[in-house]
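Asker: Pasting in a structure now, in structure tokens, and then I'll have a few things to ask.
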Amino acid sequence: MSAGRRGNGEGTIVKRADGRWAAAIIFDGYQRKWIYGKTRRDVSDRLRKIRGDVAEGRPVMNERLTMAEYLNRWLYEVAKQRTRPMTWRGYEHLVRLHILPTLGRVPLAKLTPQHVHSLVTKKVREGRLSPRTIQYMHSVLRAALNQAVRWRMVHYNAAAMVSTPRVIRREVPALTPANARLLLDAARGDRLEALYSVALALGLRQGEALGLKWADINLETGVLRVRRASQRVPHQGTQLVETKTERSRRTLVMPPIVINALCAHRGRQVLERLAAGERWVDLDLVFPSERGTLADGPNVTHRFHKLLKRAELPSMRFHDLRHACASLLLVQGVHPRVVMETLGHSQISLTMNTYSHVLPALQREAADRMEAVLSAMP
């Protein structure tokens, strides 16, 4: 059965040996789509619709392409090229274990908001995923379907029309200025003293701090540049990767307490290098292992927890030092926009939503300042 080469919207209807009717339509000069139906009228009606889509510039759907085929293509052709290794592994895990078992056989062109809603409600009912993970799964599906819209494979994004369970935001542990000083006092002389100073005073993520190189730091001008991050990838070990987002690439001005800590740290590192001798691997890292290689994040976290016990401070994650930095800056009256840029957030709303717990203190300060202005009026 052959339809020959024709212009946009043309098609020849033929009857197949199995009794069904079929037609091949060619559009955009080269793309061929086969249409099948039980009657000639069915095929003719579908041809008319496709001709209308072509004339109006609407995408012509591939009704045989399943969600499983499309999502696997998106994972390897798009997501893998745009995300860091661990991020991609998270995408692949959610697609393979949670999205495809429910939606894999659904044709991409026939995916509806009802399909996506059924997926979300099923995951909520199962209770194996947290609301935050379900929200993340939904965002992965939405990103994949956004690409399908851009590729003109679907008319609309079905996932964008479905809401997800409400996530109760975890309250960020508050670290008072007194406790922050207590932590740094307890870290004095520790091999990672400067690391804690950098994380607390500049708000670097652990991976960003462990990915710093001495070439990124100018101790004379007090400038530090964040350009990469250390990340532990399963079965591949720890490696340097791109920063989490483009906004994460930033240049920061260090306070003197951080500069002094880094100067002392550099002197300590010279002694470590001499002690390691030929075993030292020179990667120019600021916070390497005792042999110069990339430090192991979990080991750093373990040392941090021991430091907290020594300082008799409440248990917290290493990442909470970043939160403490933002909270302390906001309470000291630093403009939220500056805090956003310090942390490398993409939007100021993200900064303020994350640190909404400090708003009462800011509102009290604003009220006091307003009172001072108005009460001084004649």
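The values are calculated or read from the model by the stated rules, or taken from the named source; none is laboratory data. As the structure is a prediction and not an experimental result, all values here were calculated from the model. A quick note on method: Cβ atoms are made from the backbone with ideal geometry, for glycine too, and the neighbour counts reach across all protein chains shown.
Asker: For segment 287-311, give me each residue that is small (G, A, S) and either assigned to a loop (DSSP other than H, G, I, E, B) or under 22 Å from R188 (Cβ atoms) (or both).
Answerer: Across segment 287-311, the qualifying residues are S289, G292, A295, A311.
Asker: Here's something else I'd like to know. Of the residues S346, S327, which single one is over 21 Å from S230 (Cα atoms), hydroxyl-bearing (S, T, Y) and modelled with pLDDT under 90?
Answerer: S327
Asker: Follow-up. Considering only residues that are under 21 Å from the mean Cα position of the chain (by Cα) and in contact (Cβ under 8 Å) with a residue 24 or more places away in the chain, look in segment 300-323 and name the one that is surrounded by the fewest Cβ atoms within 10 Å (Cβ to Cβ).
Answerer: Restricting attention to segment 300-323, the residues satisfying the condition of being under 21 Å from the mean Cα position of the chain (by Cα) are 317-323.
From the residues that got through so far, the ones that are in contact (Cβ under 8 Å) with a residue 24 or more places away in the chain too are 318-323.
Values: F318: 21, H319: 14, D320: 19, L321: 26, R322: 23, H323: 20.
Residue satisfying both the conditions and the ranking: H319.
Asker: Looking only at segment 296-329, which residues are of a type in the set (K, R) and within 22 Å of R232 (Cα to Cα)? Explain how you work it out, then say what you get.
Answerer: Filtering segment 296-329 down to residues of a type in the set (K, R) leaves 303, 306, 309-310, 317, 322.
Within segment 296-329, R303, K306, R317, R322 qualify.
Asker: Sticking with this structure for a sec: Among the candidates A159, A68, A144, which residue alone is modelled with pLDDT of 95 or more and in contact with a Gly (Cβ under 6 Å, 6 or more places away or on another chain)?
Answerer: Exactly one of A159, A68, A144 is modelled with pLDDT of 95 or more and in contact with a Gly (Cβ under 6 Å, 6 or more places away or on another chain), namely A68.
Asker: Here is a further query. Name the residue that is surrounded by the most Cβ atoms within 10 Å (Cβ to Cβ), counting only residues in segment 100-130 that are more than 17 Å from S163 (Cβ to Cβ), in contact (Cβ under 8 Å) with a residue 12 or more places away in the chain and of a type in the set (K, R).
Answerer: Once the filter is applied, the top-ranked residue is K110.
Asker: Let me ask another. In this structure, does D190 turn out to be modelled with pLDDT of 90 or more, in the same structural domain as A229 (by TED's automatic domain parsing) and part of a loop (DSSP other than H, G, I, E, B)?
Answerer: yes
Here is a yes/no grid of residues against (1) surrounded by fewer than 21 Cβ atoms within 10 Å (Cβ to Cβ); (2) more than 13 Å from V286 (Cβ to Cβ):
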site	(1), (2)
G189	yes, yes
L202	no, no
W214	yes, no
L219	yes, no
G222	yes, yes
R232	yes, yes
L240	yes, no
T243	yes, yes
